[in-house]
1. Could you calculate the FRET efficiency of Val306 with Ala98 from 1/(1 + (r/R0)^6), where r is the beta carbon distance between them and R0 is 51 Å, rounded to 0.05?
2. Where nothing but the Cβ of Lys and Arg (+1) and of Asp and Glu (-1) is charged, how large is the charge dipole of the chain around its Cα centre, in debye to the nearest 20?
3. Taking GluC sites (Glu not before Pro) as exposed when DSSP calls them loop (any state but H, G, I, E, B) and at most 16 other Cβ atoms lie within 10 Å, what is the longest stretch of the chain free of them, the sites themselves excluded?
4. Give me the net charge for the shell around Val69: Cβ to Cβ below 14 angstrom, other residues only, Lys and Arg +1, Asp and Glu -1.
5. For the pair Leu281/Ser264, report the inter-label distance in nm, with labels modelled 7 Å from Cα in the Cβ direction.
6. Going toward the positive end of the dipole of the chain, with +1 on Lys and Arg Cβ and -1 on Asp and Glu Cβ, which of Ser155, Met280, Ile250 do you reach last?
7. Counting pairs of alpha carbon atoms under 8 Å apart in space and at least six apart in sequence, what relative contact order in percent does the chain give?
8. If the cut-off is 28 Å between C-alpha atoms, which lysines fall inside it for Lys286, apart from same-chain ones fewer than 8 positions away?
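Nothing in this text is a laboratory measurement; each read-out follows from the coordinates by a stated rule. Since this is a predicted model, take the numbers as computed values, not measurements. Cβ coordinates were reconstructed from backbone atoms using ideal geometry, including for glycine residues, and neighbour counts include every protein chain displayed.
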Amino acid sequence: MSPAPTLCDFTFPRIPQASGMTDSSLSAPRNNLDFSIIVATHNDWAPLEKFLSSLAEQANPSSFDVIVVDDGSTDAAPEFISKWKTQFPLTIIRQPHAGISAARNRGTQNSRGSVLVFADADCRLDRDCLRVLERTINALPEKHYFQLHMVGDCSSGSVGRAEQLRLMTLQTYFLRPDGSIRYLNTAGFAVRRANVQVDAGLFDPVAVRAEDTLLLANLIKRGELPFFVSGAIVQHNVSLSLVAYLRKAIRSAHLEAKTFDVISTAGVKIRVSHRERLSMLWSAWKFSQDRAIRRPAWFVLLARQVLRLIAGFYC
């Protein structure tokens with residue numbers, strides 16, 4: 001069994017504790033929550049095992065069950081995935097390939113927890129992630145949606161450092177003084193079950209990619225933003241070569257075009273302006289002074305953004 005990541009494995013921005021959150025509120029007596037952790041996967045069995053391992057090693061774990069939706073993988077879940085049923089309740093649902101939104105909705109329909117947590121197969125939870133998330137949710141009964149703190153893996157080369165730089169920049173830029181964040185990443189996201197139409201699902205199946213951005217647009221339209229839980233850390237592990245990483249960025253930009261068209265017709269401004277984009281690149285440049293990230297990561301991030309802009313222009 002591989003060890004679960006610990007806080008010192010991560011390099012993450014020192015984002016101020018949100019207003020309304022105090023040390024006493026986080027140390028208050030626990031009101032145990034039931035989490036349903038939903039993961040959609042497509043041929044990602046090896047990364048998924050590391051994710052499940054991080055769940056097994058949670059400190060003071062809340063009650064949780066795990067729902068893995070196999071979205072049309074070539075082969076059914078291997079034995080090394082099924083064996084985790086001995087560690088915690090694990091349901092594996094196999095369906096024809098229907099896309100990330102449909103897969104997550106299928107997981108939602110088979111969930112039973114009072115809080116739904118969405119993650120990606122190539123992520124790992126810090127060992128305190130669920131404990132911190134539970135205490136934050138208990139301390140803020142008026143909040144319904146929660147963005148977990150996404151970080152990259154700076155030990156995995158230039159791509160991992162670029163991913164850390166990207167996530168650090170986005171979360172720092174969009175975090176608001178009241179603790180809400182104008183950013184949503186379903187690789188680490190939680191919602192109270194009471195705020196989900198379980199039968200219909202949370203995600204619009206029209207979104208092949210950027211389903212989280214579409215959800216954010218819908219929340220903005222309703223006047224609500226996710227609350228940022230800085231202590232609930234989720235590490236996104238990108239096991240791609242530099243070329244594959246950039247190719248994926250181009251492909252994602254093409255697939256996201258339809259989703260942004262839907263958002264545009266709803267009258268919600270979600271895309272950043274060129275000025276905002278330049279401001280974020282400048283912030284990223286300053287963050288890249290960190291010895292754990294380094295300057296080359298900024299140039300990888302710059303190349304990614306330029307390629308996405310070009311791909312988006314031709315969509």
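1. Efficiency for this residue pair is about 0.95.
2. With Lys and Arg at +1 and Asp and Glu at -1, about 940 debye.
3. Between the exposed loop sites, the longest stretch runs 1-141.
4. So the surrounding residues net to -3.
5. 2.2
6. Met280
7. 22
8. Lys248, Lys269
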